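Some notes on the structure that comes next.
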Amino acid sequence: MKRSEHKQSPKCEGSKSNGPNRKQDAQENKRRPASAKSKPETKKTHEPSTSKQGQPTDKSEKQRSSVTYLIKKQPVECEKKKFPAKTADKKQADKCEKEKSSSSPVEKKHTDKKEKQKPAAQKSDKKQTDKSEKQKSPVTSVDRKQTDKSEQQKPPPKTLDKKPTDKCVKEKSQSTSLDKETAKDRIPVNTVIRERFSGHQDKCKLSMEEVSPAAKTINSFIDDFIQKLKEISTLNWNSFRSGSYYDKTKNCHPDEFDIMFYPELSVEVDFDDMKIPGFYKVKMVSPRVPELEHVLDKDRYIVPDKFKKYVFGLFDRVLGPDGIRQGRRTKRKSTLNPRSPAYTVYYDAFPGKSSIDIDLVPSFYITGWPPEKIARKINPSWISLDDVVNKAMISYDVVCKTCPEGAADKNLLFRLSFSRTEKMLVKHANSADKLNFKKTAFRFIKLCIQDLKEKHPRKVEKFCSYHIKQFMFSQYDTWPTRESEEVRIQRCLIGELIKTLSLPTPTILNYIIKNDNVIRYVSSEEIAVIVKGLQEKFKLLH
């Protein structure tokens with residue numbers, strides 16, 4: 001077909017330029033088959049023929065235009081019916097028309113059926129398109145609004161998943177599993193290392209010759225103190241003996257005791273304000289307490305500073321000239337920390353020996369347990385006695401420790417104290433330990449810090465045994481389940497403490513109070529000194 005078209009076009013062009021012979025052209029058109037007539041004419045609709053000089057012939061152009069109109073009129077109308085959205089694109093329409101004209105009637109019906117199903121669904125029914133887009137490709141959509149909507153629906157599950165994760169991370173210890181760290185430790189333990197370790201342990205031991213007399217003397221002191229306090233006060237006072245001596249983690253000498261004094265009154269903690277972990281307002285619930293009316297504000301909230309000063313005044317009277325006889329051998333600490341909740345005295349119990357340091361702490365006793373959002377319910381696997389855990393969560397205290405952070409009601413904030421709970425946990429820490437080593441390991445680290453305090457008294461001040469206790473509780477949760485040398489456990493413990501204190505934000509989480517970093521008030525300079533000192537102790541065990 002291409003060759004015949006190529007031969008005929010020059011002849012037609014030549015005749016057109018010399019003038020047309022209408023009769024001859026009509027006879028030739030009758031002789032030609034229909035396919036030969038339509039195809040050249042279809043071609044001419046796209047490429048109008050010109051004369052040799054490049055100008056179209058008027059008469060032939062009229063003929064071609066009439067034929068072209070008849071040919072183009074029907075496809076365009078079909079296109080408008082079948083493809084209303086694509087009529088603007090003439091080239092695409094002509095291309096589709098050529099394909100349809102060459103196809104068979106059966107194929108054409110099949111094609112028309114497909115075309116009606118696809119384009120019509122995409123253009124005429126937008127809702128159907130959106131529905132199919134959601135099913136087929138939820139990420140890519142023709143409708144931008146629908147895409148944005150689907151994108152907005154995706155993030156919430158991730159956000160919801162992230163919150164519990166963050167919460168769990170905050171509750172977990174900052175250090176890794178002690179059991180895994182000890183299992184990884186392949187450094188041999190030779191005789192020299194064992195001797196160094198034993199020598200350090202010997203310093204931790206309390207002399208039984210000192211323990212019994214000290215315990216008897218302190219118990220007598222407290223009994224007399226309470227009796228005199230009840231004489232000068234209308235309140236019914238009671239005491240609780242806390243501290244390292246009573247939970248059996250005291251090192252070297254029995255020369256430090258902590259005693260909490262509290263009146264038997266009904267108070268409640270306001271947990272609505274959770275801005276500062278561990279610090280909350282306390283309201284007097286007892287109907288009328290004349291002796292303490294001056295320490296309450298208009299809403300009957302207890303003002304910690306007023307309560308502390310009043311009770312400290314009572315302590316002065318108990319230990320004064322008209323007080324107990326032991327008061328003559330006591331001397332109040334001269335440099336008092338205004339933020340400390342303790343009334344500290346030095347008691348010369350034994351002539352010729354060092355005085356005993358006694359912290360007298362005013363407090364309020366509260367029955368029950370704080371809400372779960374404030375304090376977690378403990379269930380340590382390292383205590384084998386269920387009754388101990390149950391008793392450990394029946395009460396807590398509040399003390400007059402000044403909040404170091406700024407707050408709207410800062411002057412009304414008390415500090416939560418779980419000394420009773422912590423005492424029971426430490427006292428029974430070895431109940432599920434085959435090595436009977438938990439409390440000894442605790443005392444080992446305490447002695448390391450005590451050595452640093454003696455070596456750098458002005459640089460190591462705030463870091464104390466309370467911080468070490470909170471660290472040890474978290475380590476007890478991941479204590480080695482298999483038998484291992486004590487040296488390995490101890491050096492892994494020190495290594496974990498060094499790692500914890502070397503974090504960009506050093507963090508030791510409170511074992512009971514949620515989101516409470518107990519060392520957030522310790523300066524970076526002091527922590528740097530502690531890390532350096534612990535690294536030296538760490539080398540001795542290698």
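The values are calculated or read from the model by the stated rules, or taken from the named source; none is laboratory data. Because the structure is predicted, anything quoted here is derived from the model rather than measured. Positions of Cβ are backbone-derived with ideal geometry, glycine not excepted, and every protein chain shown enters the neighbour counts. Just so you know, the surface numbers come from the protein's heavy atoms only, side chains and all, with ligands and any DNA or RNA stripped out. Shrake-Rupley method; radii C 1.70, N 1.55, O 1.52, S 1.80 Å.
Among the residues of the range 246-261, at least one is of a type in the set (A, V, I, L, M, F, W, C) and under 36 Å from the mean Cα position of the chain (by Cα). For residues in the range 477-493 being β-branched (Val, Ile, Thr) and surrounded by 16 or more Cβ atoms within 10 Å (Cβ to Cβ), which is nearest to Thr182 (Cα to Cα)? Checked the range 477-493; the qualifying residue nearest to Thr182 (Cα to Cα) is Ile489.
Set side by side, the residues Tyr346, Tyr365, Tyr310 differ, and just one is within 21 Å of Ser395 (Cα to Cα), open to solvent by 30 Å² or more (accessible area, probe 1.4 Å) and either in contact with a strand residue (DSSP E or B) (Cβ under 9 Å, 6 or more places away or on another chain) or modelled with pLDDT under 95 (or both), which is Tyr365.
Against the definition (open to solvent by 50 Å² or more (accessible area, probe 1.4 Å) and modelled with pLDDT of 95 or more), how does Glu231 come out, yes or no? The answer is yes for Glu231.
Residues in the range 529-539: is at least one polar (S, T, N, Q), out of contact with any Lys or Arg (no Cβ under 7 Å at 6 or more places or on another chain) and closer than 24 Å to Pro404 by Cα? No: the range 529-539 contains no residue that is polar (S, T, N, Q), out of contact with any Lys or Arg (no Cβ under 7 Å at 6 or more places or on another chain) and closer than 24 Å to Pro404 by Cα. Yes or no: the range 392-408 includes at least one residue that is more than 27 Å from Pro277 (Cα to Cα) and open to solvent by 40 Å² or more (accessible area, probe 1.4 Å). No, the conditions are met nowhere in the range 392-408. Taking the range 216-263, which residues are in contact with a strand residue (DSSP E or B) (Cβ under 6 Å, 6 or more places away or on another chain) and on the phi > 0 side of the Ramachandran plot? Gly243, the sole residue that qualifies. Gly327 meets each of the listed conditions (1) modelled with pLDDT under 95; (2) assigned to a helix (DSSP H, G or I); (3) open to solvent by 40 Å² or more (accessible area, probe 1.4 Å) apart from (3). Within the range 376-383, is there a residue that is touching a strand residue (DSSP E or B) at 6+ places or on another chain (Cβ under 9 Å) and surrounded by fewer than 19 Cβ atoms within 10 Å (Cβ to Cβ)? Yes. Note on the range 496-542: residues that are under 20 Å from the mean Cα position of the chain (by Cα), open to solvent by 50 Å² or more (accessible area, probe 1.4 Å) and closer than 18 Å to Ala441 by Cβ total 1.
In the range 428-444, the residues that are over 22 Å from His467 (Cα atoms) reach residues that are in a loop (DSSP other than H, G, I, E, B) with C-beta atoms within less than 6 angstrom, at least six apart or across chains, in these pairs: Ser431/Ile383; Ser431/Ser384; Ser431/Leu385; Ala432/Trp382; Ala432/Ser384. Taking the range 410-469 as the range and being hydroxyl-bearing (Ser, Thr, Tyr) and open to solvent by less than 40 Å² (accessible area, probe 1.4 Å) as the test, the residues that pass are Ser417, Ser419, Thr421. Taken together, the residues in the range 254-290 that are open to solvent by 30 Å² or more (accessible area, probe 1.4 Å), in a loop (DSSP other than H, G, I, E, B) and either hydrophobic (A, V, I, L, M, F, W, C) or touching a helix residue (DSSP H, G or I) at 6+ places or on another chain (Cβ under 6 Å) (or both) amount to 3. Can you tell me which residue in the range 234-253 is modelled with the highest pLDDT, limited to those that are among the hydroxyl-bearing types (Ser, Thr, Tyr) and assigned to a strand (DSSP E or B)? Per the stated criteria, the residue is Ser239.
Residues in the range 404-445 that are closer than 20 Å to Asn379 by Cβ and part of a strand (DSSP E or B): Leu416 alone.
Note on the range 224-260: residues that are touching a Cys at 6+ places or on another chain (Cβ under 8 Å) and acidic (Asp, Glu) amount to 0.
Every test in (1) under 21 Å from Asn411 (Cα atoms); (2) buried (at least 16 other Cβ atoms within 10 Å of the Cβ) is passed by Phe240 save one, and that test is (1). A single entry from Glu461, Glu454, Glu496 fulfils the requirement of being part of a helix (DSSP H, G or I) and farther than 19 Å from Thr176 by Cβ: Glu454. Restricting attention to the range 331-343, the residues that are open to solvent by 30 Å² or more (accessible area, probe 1.4 Å) and free of Cβ contacts under 8 Å to residues at least 60 places away in the same chain add up to 7.
Restricted to the range 175-191, and to residues there that are outside any helix (DSSP H, G or I) and without any contact (Cβ under 8 Å) to a residue 60 or more places away in the chain, the residue that is least open to solvent (accessible area, probe 1.4 Å) is Asn190.
Mind listing whichever residues of the range 390-403 are in contact (Cβ under 8 Å) with a residue 12 or more places away in the chain and outside any loop (DSSP other than H, G, I, E, B)? If the condition is that a residue be in contact (Cβ under 8 Å) with a residue 12 or more places away in the chain and outside any loop (DSSP other than H, G, I, E, B), then Lys391, Ala392, Ser395, Tyr396, Asp397, Val398, Val399 are the ones that fit.
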